[in-house]
Every structure is written in structure tokens, then in C-alpha cells.
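The next block holds one structure in the form of C-alpha cells; read it before the comments.
The values are calculated or read from the model by the stated rules, or taken from the named source; none is laboratory data. Here the structure is a predicted model, which means the values were calculated and not measured. Cβ: placed from backbone, ideal geometry, glycine included. Neighbour counts: every protein chain shown. Remember, those area values only see protein heavy atoms, side chains included, never the ligands or the DNA or RNA. Shrake-Rupley method; radii C 1.70, N 1.55, O 1.52, S 1.80 Å.
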Amino acid sequence: MMNRIKWVVGASALTLASGAGAAGTGVQAEPDWTLPIHDNQVFGQVLFDRMEYQRDGDNELALWDAQAWIGKDRNRLWVETEGETDLSSDSGDIENFDVQYSYRFDRFWDIQTGLGAQTTFGPSPNLIRSAIRPLLDCRDLPPTGLR
């Protein structure tokens, strides 16, 4: 047992002495070296919760509920929309259309702010509402603090 402990300690010391750490962050790293983690890439996601087409005789409806984001780890642009369109009469409702900027300031916490709009379109008169709403978003919040 003691030989095994000595071997593990010896292997750990060899790893540390050989400089097998992350390049750019070790003791011998030059200040102008780039960091090894490439976290400056832009990612995105599009998610449709609902994308439907309904037909009942002469009535045709299209319904949607979608959200998308594009950005980096901390800064993102969110677009969320939900609505329905009567394809037979070219009228419908956009229940919400939100464009929001999101900043992640901690592991599970985002602050979002943006503009939102609701509208009705078609042969009937248009009704447009807009709002500015601050939002503290708890995306990806763990269910409990217990581990």
C-alpha cells in the first residue's frame, strides 16, 4: 500500500515538474500568449415549441411559438415570438414578439432587457402595443440547493 502511495505522489510531482499545465497560464507562460480556452466563439439556438398548420374545410390556420438566441457565453440576443395567422383571410395575431439583450452575470443568473410588441393584422383595424420590460431571468436554475 505504501509503495502505491509513493508511486502516485511521484507521478503527480513529475506531472507538475514537467509543466503539463494549460499553455498560456503556467509559471513559464509569456504575458502575450493567448489563453487556451477559446470562449470567444458565437453560438446560437432556434427552438420551436409549436409550429402547426391546421385545415378545417375552407379555414386554414398557422400557429407558432418559437424562441432563438445568438451570442457568446455572457452576452446574447434573444428573439421570442408567438402567434397565429388565418391563412384563408390573411389576418391574425402576433401574441408577442420580443427582442431582448441578455447578460449572464453569474453561473445561473441572467439579466434581460428589451422591447416587446403585440399586434393584430388583417382586414380589421391594426392594434399595436409595445412595452419596455426589465426582466431578471433564472434560466438553468437548479431545482434545489442541496447536493
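Give the peptides 87-95, 44-52 in descending order of average Cβ contacts within 10 Å, highest first. Can you show the working numbers first?
On the way: 87-95: 14.6, 44-52: 10.1.
Going from most to least packed, we get 87-95, 44-52.
Which far-off residues, 5 or more places away or on another chain, put their amide H under 5 Å from the one on Glu60, with H placed in the peptide plane?
Close amide H contacts, sequence-distant or interchain: Leu87, Ser88.
Could you list which residues have their amide H under 5 Å from that of Trp109, counting only those 5 or more apart in sequence or on another chain, with H placed in the peptide plane?
Long-range HN contacts for Trp109: none found.
From the protein chains alone at 1.4 Å, what is the descending order of accessible area for Thr113, Thr120, largest first? Kindly include the intermediate steps, with their values, before the conclusion.
Numbers: Thr113 70, Thr120 40 Å².
Output order, biggest surface exposure first: Thr113, Thr120.
Order Tyr103, Tyr53, most accessible first, counting only protein heavy atoms with a 1.4 angstrom probe.
Working: Tyr103 90, Tyr53 125 Å².
Of Tyr103, Tyr53, the descending order of accessible area is Tyr53, Tyr103.
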